[in-house]
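None of the figures in this text is laboratory data; all of them are computed from the coordinates on show. Keep in mind that this is a model prediction, so the values were computed, not measured. Quick reminder, even Gly has a Cβ in these numbers, built from the backbone with ideal geometry, and neighbours come from all protein chains shown.
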Ligand code: SAM
């Protein structure tokens, strides 16, 4: 585990909200200030992330620097260009053009939209299917999904493929009314409907375990499932990431019970997602480090849905697939009981060593009958 001191040295990530601006526009604004700088003092260094498109990587002190300057007058000794850059970033955060979001939590939406192989024949059809974010609040991944789907439609337009693209609907579902209301409010600013992007976010307050396919905009093709978890990968949670000093047996017992209960819900939710007839793509993710909430949940769900009660394989199978957009990401899943090396290698893990929160992502695809030979 990282100590708090090490964690503070991690970079800060800010995702460009492509529904409101573009990475080029944001970079131009910041680089223009650097170029105009008349003195030789350095301005802020930043770069575009190597794995997630439209994700900018800033120094660890970004938020403190940017927010603490709010309302302050520039003093004589300060670097004017740096201050102007900080102000520009603050304005972009406040207007929703830049969204502070840790790198690994950008993987689920990125994998759902760009991680699955699809033949040219099916590409157009797949791109027109609707999405469900099944445990959506407060909506970081919903908004990212909306940005990615919007860009996808736009890129089709640029290459002349798009004539009249139907609007893609993303349903953001959550059972917590307060959190869902906060999500709605955020989406009005961050993902306004009819913004020329052909994507709309609708919200739905419900228990996902009771939701049925007919409750959603048809045709529903993909589900993002990011259920409640222990959050053990979040280094910003102070009690979880500082080195363990003392822990009584009863506390450990409590934690074991809590994780077992979370894992029970996660497995139910994943199996429920797999039961939607029209859905053929699922991304399951958690910000937990525990195998029990990650690989073990996936393996149990696969065992349950792919086999009949007599232990025979069903003709329609769910299988784990490696996200094609993260081929150069080295940290992979842990092989747990019953899991093949192949499946473990298809899963994505992130840890503090990757300078991001601990995270788990698994892409699952439904294949039927003659198409289910392993590749
Ligand atoms: N995906 C969100 C994001 O990126 O902002 C974070 C989701 S948070 C980890 C888990 C969410 O699942 C919580 O908002 C919680 O209210 C919701 N949740 C838990 N059980 C649920 C259920 N049975 N049905 C629907 N939502 C549920």
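Using the Cβ-Cβ distance between residue 365 and residue 188 with R0 set to 45 Å, the FRET efficiency works out to roughly 0.85.
What full-extension length gain, to one decimal in nm, is calculated for residue 100 and residue 61 as 0.36 nm per residue of separation minus the Cα-Cα distance?
Values: separation 39, 0.36 × 39 = 14.04 nm, distance 1.29 nm.
Value of the extension gain: 12.8 nm.
Estimate the FRET efficiency between residue 210 and residue 278 by the formula 1/(1 + (r/R0)^6), using the beta-carbon distance for r and 25 Å for R0, to the nearest 0.05.
Here the calculated transfer efficiency is 0.85.
Mind ordering 132-143, 282-293, 333-344, 303-314 by average Cβ neighbours within 10 Å, highest first? Write out the running numbers ahead of the final one.
Working: 132-143: 25.2, 282-293: 23.6, 333-344: 15.4, 303-314: 10.7.
Answer by packing, highest mean first, reads 132-143, 282-293, 333-344, 303-314.
Annotation: extensible slack from residue 22 through residue 310 equals 98.3 nm (criterion: 0.36 nm per residue apart, minus Cα-Cα distance).
Based on the Cβ-Cβ distance from residue 250 to residue 181, what FRET efficiency comes out when R0 is 22 Å, to the nearest 0.05? Using R0 = 22 Å, I get an efficiency of 0.05.
Shown here: segment 103-371, whose C-alpha atoms stretch 63, 47, 38 Å along the first, second and third principal axes, sorted largest to smallest.
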